[in-house]
Amino acid sequence: MSHHIVAVQDLHYTYADGTPAVQGISFRIEHGESVAIVGANGAGKSTLLRHLNGYLTPQHGTVQIGDFALSKELLPQVRRTVGMLFQDPDDQLFMPTVRDDVAFGPLNLGLPPDEVEDRVTAALQRVGAEHLADRPPYRLSSGEKRTVAIATILSMQPQILVMDEPSSGLDPAARRRLIELLASFHHTRIIATHDLDLVLDLCTRTIVIHQGKVMADRPTLEIFDDADLLRRSHLEAPLRLQSCPICTKRLPPHRDPEAHHHDDLVEPHSHA
Ligand SMILES: Nc1ncnc2c1ncn2[C@@H]1O[C@H](COP(=O)(O)OP(=O)(O)OP(=O)(O)O)[C@@H](O)[C@H]1O
Ligand SMILES: [Mg+2]
């Protein structure tokens, strides 16, 4: 797998109770791209993502990771390549301590104990969770659980990151750390989220899912500029792209909102 592309072709998935969650999704993501998957609650984002590491098997269509279409035989290789953060951290954490959970993947790879320990320490440091190492995961707060779940992925050193709502429930400092971490990851990133400010920071391309189908797949700024599309997909432009609440001046993209307020309150439009 020299190039970590992710290609989905005409994917369909209907749950056992008859709910059609994914109804013909196709896209191709090149190595190194950072892509947001956005859409309303129930649009099918998590169902789609669960196919990207083989947790769900396509009922119709294909999922290609690197050079190969995903199959049962390739699952171990794909799970080494794709680091998957589930929407619910309880699906990811099952060992007696946080340290054991973060070590679980590297131990399964058969790495020597020293290297496992180094990876665990580095991953916990990276997410700022060293102090949680000896705690039982099921006793953590929901934001702590998510932070630790992210560490369990980092310790695997994956080449493709697939994250389902990674910033949900994180406090502002933990969210900022996550954004910096994702910005410094130069391989492929696929992020399903309702945090559109995070999308603006990290993703140059956005795929909008609506009722199990791709409603749009365009550069992020184009998506956020399309008021009609946003409304139809139950989305809102990120706060930074909305008008200043005091004077209705539209904020420029990719600007730190604090800097905006600082600039704008000084000049050119003080509200005095
Ligand atoms: N285990 C399940 N059994 C039956 N239906 C399911 C199951 N999981 C999800 N669904 C349904 O499949 C559809 C897509 O759900 P999915 O979780 O993929 O949406 P989502 O876009 O991730 O939503 P959210 O933004 O709320 O996380 C919804 O109609 C949902 O009710
Ligand atoms: Mg979801």
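Among residues other than MET156 with Cβ under 9 Å from its Cβ, the summed charge is +3 (Lys and Arg +1, Asp and Glu -1). Calculated mean residue ellipticity, 222 nm, the chain: -9500 deg cm²/dmol, from DSSP H runs (n ≥ 4) at -39500 (n - 2.57) each, averaged per residue and rounded to 500.
What FRET efficiency comes out for the pair GLN211/THR62, r = Cβ-Cβ distance, R0 = 25 Å, nearest 0.05? Computed FRET efficiency for GLN211 and THR62: 0.70.
A Förster radius of 25 Å combined with the Cβ-Cβ distance from SER168 to THR204 puts the calculated FRET efficiency at roughly 0.70. Take 158-169, 13-24, 173-184 and order them by the average number of nearby Cβ atoms within 10 Å per residue, most first; the result is 158-169, 173-184, 13-24. As a calculated quantity, the FRET efficiency between LEU75 and HIS31 at R0 = 35 Å, using C-beta atoms, amounts to about 0.95. Using the Cα gyration tensor of the chain, with a ≥ b ≥ c the square roots of its eigenvalues, what is the shape: rounded (a/c below 1.5), prolate (a/b larger than b/c) or oblate (neither)? Oblate, since a/c reaches 1.5 and b/c is not below a/b. Exposure proxy ranking for THR152, THR81, THR57, based on other Cβ atoms within 10 angstrom of each Cβ and starting from the fewest, stands as THR57, THR81, THR152. Report the antiparallel proportion of the DSSP beta bridges in the chain as a percent, rounded to a multiple of 5. Among the beta bridges of the chain, antiparallel pairing accounts for roughly 55 percent.
Summing charges over neighbours of THR204, with a neighbour being any other residue whose Cβ is under 11 Å away from its Cβ, gives 0 when K and R count +1 and D and E count -1. Net charge in the neighbourhood of ARG99 (other residues with Cβ under 12 Å of its Cβ; Lys, Arg +1, Asp, Glu -1) is -3.
Across all Cα pairs in segment 1-72, the calculated P(r) in 10 Å bins from zero up to the longest distance comes to 19, 54, 24, 3 percent per bin. Rounded to the nearest 20 debye, the dipole magnitude of the chain is 400 debye, with +1 charges on Lys and Arg beta carbons, -1 on Asp and Glu beta carbons, and the Cα centre as origin. Placing dummy labels 7 Å off each Cα toward the beta-carbon, the span from THR121 to HIS187 is 2.3 nm.
Readers should treat all values here as calculations from the given coordinates under stated rules, not as data from a laboratory. Please read all numbers here as calculations on a predicted model, not as lab measurements. Because the Cβ atoms are built from the backbone with ideal geometry, glycine has one as well, and the counts that use them run over all protein chains shown.
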